[in-house]
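Engineer: A single structure is presented below for examination.
The values are calculated or read from the model by the stated rules, or taken from the named source; none is laboratory data. Small disclaimer: the values here were computed from a predicted structure and weren't measured. Please note: Cβ atoms are built from the backbone with ideal geometry, for glycine as well, and neighbour counts cover all protein chains shown. Calculation scope for accessible area: heavy atoms of the full protein, side chains included, ligands and nucleic acids excluded. Shrake-Rupley method; radii C 1.70, N 1.55, O 1.52, S 1.80 Å.
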Amino acid sequence: MKKFNCFIMAIVSLSSAPLFAEKILGSITIEPGIELTFEAAARDKIVPEKFYLSEKETDVHIEVLATWSDRAPPGARKGGHVAYLEVNVSVENDQSKENLLFELSPHLNLSDNLHYAQNIRLPGKSESTYTLVFKISPPAAGVLGIHADWVEAYGQTISEPKTMTFPNLDLEEVVQARRR
């Protein structure tokens, strides 16, 4: 009976804490057919560890999925990763106004495949609300060569810069979540 009670207690404690939370903040499509999905997800272990914030020091994993939509230019595979974008997020604590800026770098996993992301520590308590401002920019000059046919059809960059703001976010459930 004692083992059964321990088993029940373990089930209850596991079911009361979120095991994996992913909060979709929003999604937009920008020209020429690039779909951007903004997410806050449970922290994760990222390797090589010396380059990324450790899982135990992380509050939340911020992600941007950049994929070609069905309105993409010829040759772009629908759902394929749009590479070489510069992706940054500003995280502001709405109560203290403390603000931190993070560069999201390319990451690879089995669920999203290639995406832009970063493990971050929030500038304040998990109970605070936050405003996240994402800035998506085309690659810096010289990072990506663009052929004449693209230039004639779409211009000298992949796309124009885009800024998306998500105010007053409650991220506590994501902060409390674990992937495993």
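Engineer: Are there any pairs, at least 6 apart or on different chains, whose C-beta atoms fall under 7 Å, with the first in the range 144-157 and within 20 Å of GLU86 (Cα to Cα) and the second surrounded by 11 or more Cβ atoms within 10 Å (Cβ to Cβ), and if so, which?
Structural biologist: Listed pairs, sorted by first residue: LEU144/TYR84; TYR154/PRO32; TYR154/PRO73; GLN156/ILE146; THR157/PRO138.
Engineer: Working carefully through the options SER69, SER96, find the one that is surrounded by 15 or more Cβ atoms within 10 Å (Cβ to Cβ), among the polar types (S, T, N, Q) and more than 14 Å from the chain's Cα centre (by Cα).
Structural biologist: Just one listed residue meets the conditions, SER69.
Engineer: Assuming LEU101 fulfils every condition listed in (1) surrounded by 13 or more Cβ atoms within 10 Å (Cβ to Cβ); (2) within 14 Å of the chain's Cα centre (by Cα) apart from one, which condition is it?
Structural biologist: Looking at each condition in turn, LEU101 falls short on (1).
Engineer: Moving on to the next point. Which residues, taken from the range 52-93, are of a type in the set (Val, Ile, Thr), out of contact with any Lys or Arg (no Cβ under 7 Å at 6 or more places or on another chain) and in a loop (DSSP other than H, G, I, E, B)?
Structural biologist: VAL82
Engineer: So if I check each of ALA153, ALA141, ALA117, ALA177, which one is aliphatic (A, V, I, L, M) and in contact with a Phe, Trp or Tyr (Cβ under 9 Å, 6 or more places away or on another chain)?
Structural biologist: On the way: ALA153 fails: in contact with a Phe, Trp or Tyr (Cβ under 9 Å, 6 or more places away or on another chain); ALA141 fails: in contact with a Phe, Trp or Tyr (Cβ under 9 Å, 6 or more places away or on another chain); ALA117 fails: in contact with a Phe, Trp or Tyr (Cβ under 9 Å, 6 or more places away or on another chain).
Only one candidate qualifies: ALA177.
Engineer: A further question follows. Counting just the residues of the range 130-147 that are in contact with a Ser or Thr (Cβ under 9 Å, 6 or more places away or on another chain) and in a loop (DSSP other than H, G, I, E, B), which one comes out surrounded by the most Cβ atoms within 10 Å (Cβ to Cβ)?
Structural biologist: PRO138
Engineer: If only one of GLU63, GLU57, GLU49 is at pLDDT 95 or above, farther than 16 Å from PRO106 by Cβ and acidic (Asp, Glu), which one is it?
Structural biologist: After applying the criteria, what remains is GLU57.
Engineer: Filter the range 153-180 for residues that are surrounded by 15 or more Cβ atoms within 10 Å (Cβ to Cβ) and among the basic types (Lys, Arg); which is farthest from THR58 (Cα to Cα)?
Structural biologist: Looking at residues that are surrounded by 15 or more Cβ atoms within 10 Å (Cβ to Cβ) and among the basic types (Lys, Arg), I get LYS162.
Engineer: Continuing with this model, one more query. All but one of (1) open to solvent by 60 Å² or more (accessible area, probe 1.4 Å); (2) assigned to a helix (DSSP H, G or I) hold for TRP150; state the number of the condition that does not hold.
Structural biologist: (1)
Engineer: Kindly establish whether ASN113 is on the phi > 0 side of the Ramachandran plot and of a type outside the set (A, V, I, L, M).
Structural biologist: On the way: on the phi > 0 side of the Ramachandran plot: yes; of a type outside the set (A, V, I, L, M): yes.
So ASN113 passes the test.
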